[in-house]
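Trainee: The structure is given below, and queries will be raised subsequently.
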Amino acid sequence: MIMASAISNTWERLMNWFLESRHATYGLALLRIGLGASTVAILALYLPNFSYTFGHGSQWGAAMFRDSSVHSYFWPITALFSRTDPDPLILAKIIVLMAVAAAYALGWRMRVVSPLFVALWLGFTTLDPVVTNTGHYQTFRLFIIFLLFADTSYRWSLDARRRAKREARRGVAARPLGFGRWRVPEWFPVLSNNVAVVLIGYQLCVIYVTSALWKLQGATWVSGVASYYPLQVEELTLVPWLNHLAWQVTPAVFIASWLSVYGQLLFPVLLLNRWSRIVGLVLVTGMHASIAILLALPWFSLMMILGDMIFIRDRTWRRAADWVNQRVRKAPVPIVGEGEAEATGKPQSEPSPGPVLTGA
């Protein structure tokens, strides 16, 4: 009887979590902004030499491209980008992808832009799978596919701003999803959003735990000296003097090695409690920030940090937004032209009040 009651209460709490309200809305918005903006930045970095990587000049690597799994995408994804296209056409398509990624980051018309962005990015990856089939690009693909099920424009987006203006003007909430007389139940978008949160969280936990288990198979991580070796690799050195300083501090090398292993291995367990979750997020965020700076892997680190943001509760984001708004309101408003008024002796009109930000 006690067991049945516990199972019933657990099931009820689980259903309430999935169906009552959207979770991680701020974290999902930040993930959307980060993925869209990083796409624009990455493509911009490729543009000067895009032909050698994705265009006609990359034909030398055709033998390595043929057996890639990315060519198994269903139509029309494989038709969006073609290795037989001339360079000007590929460049034009890349610019279109950049524009769509920018709209994705801004959260504009996400019901159309989100699936379009996924299709264009997957099509783009077929041009050179040697480059775009690495670990962090695979994680990127999973994230944007999972985000198809989430309401990524619920916060910090042009769509949210437009909805707020429409509701303020008409005094009514937005219409439910549907076609004609058929309407999607109100709980369905909430469920879809929360399923996306679970999928992203599960993927992050799999990455962390798998990485830790691989590390534990070698002696260097267990002994605490593993962090020393990658710091010596010249290709992974962004700031040489900083790497040189880091590997000379022996206690830091040991601590970084052990925290990297056991912080990742225990990450799913640390999520079970609020305070331990804070510890876990600090550990993995610090680890990724160190990887970005000391091992010159900024895009991988940024992607993982953005994904980890879904584990921060919405109420925490709201408190942070309220704190920022209070500081902005208390900031003194500079009086423009005060010196000119004193020089000319003309009276100065009172300045208009500065903009006041509202809580997110």
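Trainee: Identify all residues within segment 103-127 that are buried (at least 18 other Cβ atoms within 10 Å of the Cβ) and either farther than 18 Å from Phe74 by Cβ or of a type in the set (Ser, Thr, Tyr) (or both); write none if there are none.
Mentor: Ala103, Tyr104, Ala105, Leu106, Gly107, Met110, Val113, Ser114, Thr125, Thr126
Trainee: Kindly indicate the residue of segment 119-154 that is of a type in the set (D, E, K, R) and modelled with pLDDT of 90 or more and also nearest to Pro298 (Cα to Cα) among those meeting that condition. Before you say what the answer is, go through the steps one by one.
Mentor: Let us first name the residues in segment 119-154 that are of a type in the set (D, E, K, R), namely 128, 141, 151.
Among the residues that remain, those that are also modelled with pLDDT of 90 or more are: 141, 151.
Numbers: Arg141: 17, Asp151: 27 Å.
Per the criteria, the residue is Arg141.
Trainee: Continuing with the same structure: Given the criterion touching a Phe, Trp or Tyr at 6+ places or on another chain (Cβ under 6 Å) and among the aromatic types (Phe, Trp, Tyr), identify the matching residue among Tyr262, Tyr228.
Mentor: Numbers: Tyr262 fails: touching a Phe, Trp or Tyr at 6+ places or on another chain (Cβ under 6 Å).
Checking each option against the conditions leaves just Tyr228.
Trainee: Moving on to the next point. Surrounded by 13 or more Cβ atoms within 10 Å (Cβ to Cβ) and over 23 Å from Gly135 (Cβ atoms), is that true of Gly280?
Mentor: Details: surrounded by 13 or more Cβ atoms within 10 Å (Cβ to Cβ): yes; over 23 Å from Gly135 (Cβ atoms): no.
Taking the combined requirement at face value, the residue does not satisfy it.
Trainee: Another one. For Leu295, all conditions in the list (1) within 19 Å of the chain's Cα centre (by Cα); (2) modelled with pLDDT under 90; (3) of a type outside the set (Gly, Ala, Ser) hold save one; what is the number of the exception?
Mentor: The single condition Leu295 does not satisfy is (1).
Trainee: Being exposed (fewer than 14 other Cβ atoms within 10 Å of the Cβ), without any contact (Cβ under 8 Å) to a residue 40 or more places away in the chain and not acidic (Asp, Glu) is the requirement here; does Ala219 meet it? Talk me through it step by step, then tell me what you get.
Mentor: Working: exposed (fewer than 14 other Cβ atoms within 10 Å of the Cβ): yes; without any contact (Cβ under 8 Å) to a residue 40 or more places away in the chain: yes; not acidic (Asp, Glu): yes.
Answer is yes for this residue.
The values are calculated or read from the model by the stated rules, or taken from the named source; none is laboratory data. These figures come from a predicted structure and were not determined experimentally. Here the Cβ is made from the backbone with ideal geometry for all residues, glycine too, and neighbour counts use every protein chain on show.
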